[in-house]
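> I have a structure I would like to understand better, so I am pasting it below and will then ask my questions one at a time.
The values are calculated or read from the model by the stated rules, or taken from the named source; none is laboratory data. Since the model is a prediction, treat every value here as computed from it, not as a measurement. Positions of Cβ are backbone-derived with ideal geometry, glycine not excepted, and every protein chain shown enters the neighbour counts. Protein only, heavy atoms only, side chains kept; ligands, DNA and RNA dropped before computing areas. Shrake-Rupley method; radii C 1.70, N 1.55, O 1.52, S 1.80 Å.
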Amino acid sequence: MQTESEIAIQFRHVSKRFQIQEGYTLREFVPAILKGRAWSDPFYALRDVGFTVERGDTIGIIGRNGSGKSTILKLIAGVMAPTDGDVWVSGRVSPLIELGAGFHPDLTGRENVFLNASILGMTSREIRDRFDGIVDFAELWDFIDTPVKRYSSGMYMRLGFSVAVHSDPQILLVDEVLAVGDAHFQDKCLGKMHEFQSRGVTVLVVSHAMQLIEKFCYRVLLMDNGYLVDEGAPKAVVSRYIEMVGHLPEMAV
């Protein structure tokens, strides 16, 4: 039986509901509100989902678009709260979900490193100590004092990735960001992921690259229409997913 100290993440009967605005006219909207009715239909991104992630585990989350994969990561990151159920997380979380989401376009790369790193929970001293490593990894010394609004999308994503992986995470959330940049930088990203694995960091990966999921993950969760429909060894769960969709998604490792 698992003890609490061995658990990094736990979902207990978690559901997440959103309201879908359907573009009602004012004539339809006002009577609905006055009568106390919802003015749009609910959409469930997650339905009664439950699973446990042990410390140091690497979990892949797969499924069709809209199946609830990214919603799971956002609940773990604390970006949103569940509608029902409980999400329990223990450890510093570094979300590689929307890279550079905390960047200000008018600030330089240097200024945004300090801003984004502080959002991720790093102290000023930690940021100063790791600054050179962040810029080295992103390979952006020639542009670090340039406003990021002048960065290419690849430069922007590389800097965001580098800040996140230098935040000393205990839990790393990865959502399709290993495709950042060119092949050289992708290899660096994958090498960093393997380094985290060897250090015992808990990693959750959302990806459509099934070869990556099979090679990198210890266990896989399969989502469909908001439900957790299968979990287990990567090869078996990936095979079930391929049967569901009828083909292997064409994405590079």
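> Looking for whichever is at pLDDT below 95, buried (at least 18 other Cβ atoms within 10 Å of the Cβ) and in a helix (DSSP H, G or I) here; the options are Val205, Val163, Val174. Which one fits? Steps first, answer last, please.
Numbers: Val205 fails: in a helix (DSSP H, G or I); Val174 fails: in a helix (DSSP H, G or I).
Within the list Val205, Val163, Val174, the selection yields Val163.
> Is there any pair with a first residue in the range 218-236 that is assigned to a strand (DSSP E or B) and a second that is buried (at least 21 other Cβ atoms within 10 Å of the Cβ) and basic (Lys, Arg) whose Cβ atoms are under 7 Å apart and which are 6 or more apart or on different chains, and what are they?
Pairs found: Met223/Lys69.
> Within the range 96-113, which residues are open to solvent by 40 Å² or more (accessible area, probe 1.4 Å) and either touching a strand residue (DSSP E or B) at 6+ places or on another chain (Cβ under 6 Å) or not hydrophobic (A, V, I, L, M, F, W, C) (or both)?
Glu98, His104, Pro105, Asp106, Arg110, Glu111
> Taking the range 208-253 as the search range and keeping residues that are charged (D, E, K, R), modelled with pLDDT under 95 and out of contact with any helix residue (DSSP H, G or I) (no Cβ under 6 Å at 6 or more places or on another chain), which one is surrounded by the fewest Cβ atoms within 10 Å (Cβ to Cβ)?
Going through the qualifying residues, I end up with Glu250.
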